[in-house]
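Written below as structure tokens is the structure these notes are about.
The values are calculated or read from the model by the stated rules, or taken from the named source; none is laboratory data. These numbers were taken from a predicted model, which means no experiment stands behind them. Quick reminder, even Gly has a Cβ in these numbers, built from the backbone with ideal geometry, and neighbours come from all protein chains shown. These accessible areas exclude ligands, DNA and RNA; they are computed on the full protein's heavy atoms, side chains included. Shrake-Rupley method; radii C 1.70, N 1.55, O 1.52, S 1.80 Å.
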Amino acid sequence: MTDAREAVTRAHREEWARVVAALTRRFGDLDIAEEAAAEAFATAVERWPADGVPPNPGAWLTTTATRKAIDRIRRENKRDDKQKEARMVHDDEPPGTLGVIDDDRLRLIFTCCHPALAVEARVALTLRMVGGLTVREIARAFLVAETAMERRITRAKAKIKAARIPYRVPSAEDLPARVSGVLAVLFLVFNEGYLATGSAADPVRDDLTAEAIRLTRLIRALLPDDGEVTGLLALMLLIEARRPARMSAGGELVPLHEQDRGAWDAALIAEGHRLVRERLAAAAAGVAPGRYQILAAINAVHTSARDIRDTDWSQILALYDQLVRLDPSPIIALNRAVAVAELDGPEVALAAVDRLEPRLAGYHAFHATRADLLRRLGRGQESRAAYDKALELAGNTAETAYLTRRRDQLR
Amino acid sequence: MQYLVSVIDDKENPGRTDRQPAISEFNERLIAEGHWVFAGGLADTESATVVDNRGEQAVFSDGPFVESKEYLAGVWIWEVPDLDVALKLATEASKVCDRKIEVRPFR
């Protein structure tokens, strides 16, 4: 009984995207695919405890979902368009065209992350159609009312249908740009889990980071030669590995230099390091790394040090220099300044940070970084003011707790 | 699948006025590739008249139905298999026209 229930849960995690994707290919309609997949899983919940778990749960679910979809199409098409029905009911496309690039799930991901959809819609649709999260779960994760999230997803599906967003993997020439859009969606999901916004939210959403990692693993399995996919997976793993040490018992964010490194997840670090080495080998062979690969490498340097004092800051700075050339965003420049502080002292770093003010005045991390540098320079009054500013702008409860303590130490 | 492709100009920041030869060339290509259904540039919004005959008698009002700094400067109708093809062409069209382009499917 419990075995059957566990089997359904596992199948949901492992097979949902495959079932939805196969049905979307066959019926060309996300609504039909999603509803039939949900019905098939509901049937499994009823039947597996009594009949036993089928030897191939994925195939069972796909067959059941296909039957449900055909029933539905028959019901809705009672009179009109027999021909269309016949076309849907008789699948003449060869099942599962071989070759990784033709995978149904990959097409589904590219459809959900299509650039013609708003970013919030891409995130929601990917979590629903590919991740199998319920609308309620997605709404809770992003602090949106369930009805609003339902509307967002419904509108996105309607646009896919009406505007005819194609269900296919982009052509080779468009692939890199489109993959980077998919990775951006996954990184957004991950970051929201890693540093959740809003005073009502849990400061860390493990479910979202786990989902982002799972989906990135799936993309890597589908596109193993894309360096940025590997880079993003490595980056997520190395950040996730530090999660056990990131939060104090009192619910306060613990910054990197205060973390108990013994609490880091050694298995995730080992896997992340292995992936970074794989990309370093590719870079040595002349493949220029993208931003996720460089960010992963920076995190690999951090996680290689047993103690904060062993950190190879010059290597971190060199990687940031590489990153700045690729992405001249002020946020990267801000993070680079943190490494500068370790190598050249807080005064040099502060000058670099202050130059970013016109662009980052509304960003809490800018003020938090400034506050820390001013504190190290013994400029208590100014540091306090900077902490106050950071606290005004910070949205994460654990971060707020940390910043408040730091500020109050300055009394 | 047909799409209405709108060329959007901006009264405060208008696009270049020397685009006609490039647009003609682009149209030739659309025709050759089988995408061209219809195209036309529109006269100034000032030349528009809105007719409302839903009440007792028809009311004519001078000017476009919506006043804004952005306005419809011309339209195409394209025949393409899906949105990706339309977006690819629209990306080129925006360069060719030096204006923003809206792509909207027919029902």
Exercise for review: Would you be able to say whether some residue in region A:315-338 is acidic (Asp, Glu), assigned to a helix (DSSP H, G or I) and exposed (fewer than 15 other Cβ atoms within 10 Å of the Cβ)?
Suggested key: yes
Exercise for review: Please tell me if A:GLU347 is assigned to a helix (DSSP H, G or I) and open to solvent by 30 Å² or more (accessible area, probe 1.4 Å).
Suggested key: yes
Check your understanding: Which members of region A:147-165 meet the condition of being touching a His at 6+ places or on another chain (Cβ under 8 Å) and assigned to a helix (DSSP H, G or I)?
Key -> A:ILE160
Revision key, fill the gap. All conditions in (1) within 14 Å of chain B (Cβ to nearest Cβ); (2) under 13 Å from the mean Cα position of the chain (by Cα); (3) without any contact (Cβ under 8 Å) to a residue 40 or more places away in the chain are true of A:GLY181 except (3)
Point to revise | Filter result for A:ARG105 (surrounded by 14 or more Cβ atoms within 10 Å (Cβ to Cβ), part of a helix (DSSP H, G or I), modelled with pLDDT under 90 and more than 14 Å from chain B (Cβ to nearest Cβ)) | key: yes
Revision key, fill the gap. Of the listed residues (A:GLU252, A:GLU271, A:GLU211), the one being in contact (Cβ under 8 Å) with a residue 40 or more places away in the chain and more than 14 Å from the chain's Cα centre (by Cα) is A:GLU252
Check your understanding: So which strands (runs of 3 or more DSSP E) are wholly in region B:15-107 and hold at least 1 residues that are within 14 Å of chain A (Cβ to nearest Cβ)?
Key -> B:70-79, B:100-105
Point to revise | Any hit, region A:190-198, residues being within 14 Å of another protein chain (Cβ to nearest Cβ), open to solvent by 10 Å² or more (accessible area, probe 1.4 Å), under 20 Å from A:LEU117 (Cβ atoms) and modelled with pLDDT of 85 or more | key: no
Review point. Can you spot a residue in region A:222-230 that is crowded, with 16+ Cβ neighbours inside 10 Å, more than 14 Å from chain B (Cβ to nearest Cβ) and at pLDDT below 90?
Key: yes
Point to revise | Filter result (open to solvent by 90 Å² or more (accessible area, probe 1.4 Å) and more than 7 Å from every other protein chain (Cβ to nearest Cβ)) within region A:158-171 | key: A:LYS161, A:ARG168
Point to revise | Residue that is least open to solvent (accessible area, probe 1.4 Å), among those in region A:392-408 that are modelled with pLDDT of 90 or more and of a type in the set (D, E, K, R) | key: A:ARG406
**Study point:** Filter result for A:PHE187 (open to solvent by less than 50 Å² (accessible area, probe 1.4 Å) and either among the aromatic types (Phe, Trp, Tyr) or touching a strand residue (DSSP E or B) at 6+ places or on another chain (Cβ under 8 Å) (or both))
**Key:** yes
Revision key, fill the gap. Checked region B:12-25 for anything open to solvent by 90 Å² or more (accessible area, probe 1.4 Å) and either among the small types (Gly, Ala, Ser) or under 20 Å from B:THR45 (Cβ atoms) (or both); matches are B:GLU12, B:ASN13, B:ARG16, B:THR17, B:GLN20
